[in-house]
Amino acid sequence: MMGIGLPELMIILVVIMIVFGAGKLPEIGSAFGNSIRNFKKSMKDAEEETEKLTEATTDAVGTEPCVREHDDEATKADGEESQPADPPTPAPTESKDK
C-alpha cells in the first residue's frame, strides 16, 4: 500500500530541516496553522452567510417561490392569443468552397 508511515514522515522532516533550517521551522509551523485556521473560519462564515440568504429568501417569498413558465392565462384574459416563440436560427457555417 502507498501509505505514509513514520519513516517517511521522518525523511520529509529531515529534508524540510535541511532546506529551511531549524530556526525557520517554528515560523513555518505557525504560518501553516494560521492558514488552516483562517481557511476553516472563512468556510464557516460562507456557510452561515449562505444559510442566512436561504432563510431570508424563504421568509420573503413565503413557502416556496412560484414560477410560471407560460403567461397563457394573462393573454387569454385579454382576449389575445399567445404568439409562438420564433424558431432558433442556425449558426452560420463556413462554406466548403474556400
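Close contacts from the range 25-43, counting a first residue that is surrounded by 10 or more Cβ atoms within 10 Å (Cβ to Cβ) and a second that is among the aromatic types (Phe, Trp, Tyr) and not in a helix (DSSP H, G or I), with Cβ to Cβ under 6 Å and a gap of 6+ residues or different chains, come to none at all.
Scanning the range 1-20 for residues that are assigned to a helix (DSSP H, G or I) and not β-branched (Val, Ile, Thr) turns up LEU6, PRO7, GLU8, LEU9, MET10, LEU13, MET17, PHE20.
Screening ALA46 on (1) surrounded by 10 or more Cβ atoms within 10 Å (Cβ to Cβ); (2) at pLDDT below 60; (3) not polar (S, T, N, Q) shows it passes everything except condition (2).
The values are calculated or read from the model by the stated rules, or taken from the named source; none is laboratory data. Because the structure is a prediction, the values reported are computed rather than measured. Because the Cβ atoms are built from the backbone with ideal geometry, glycine has one as well, and the counts that use them run over all protein chains shown.
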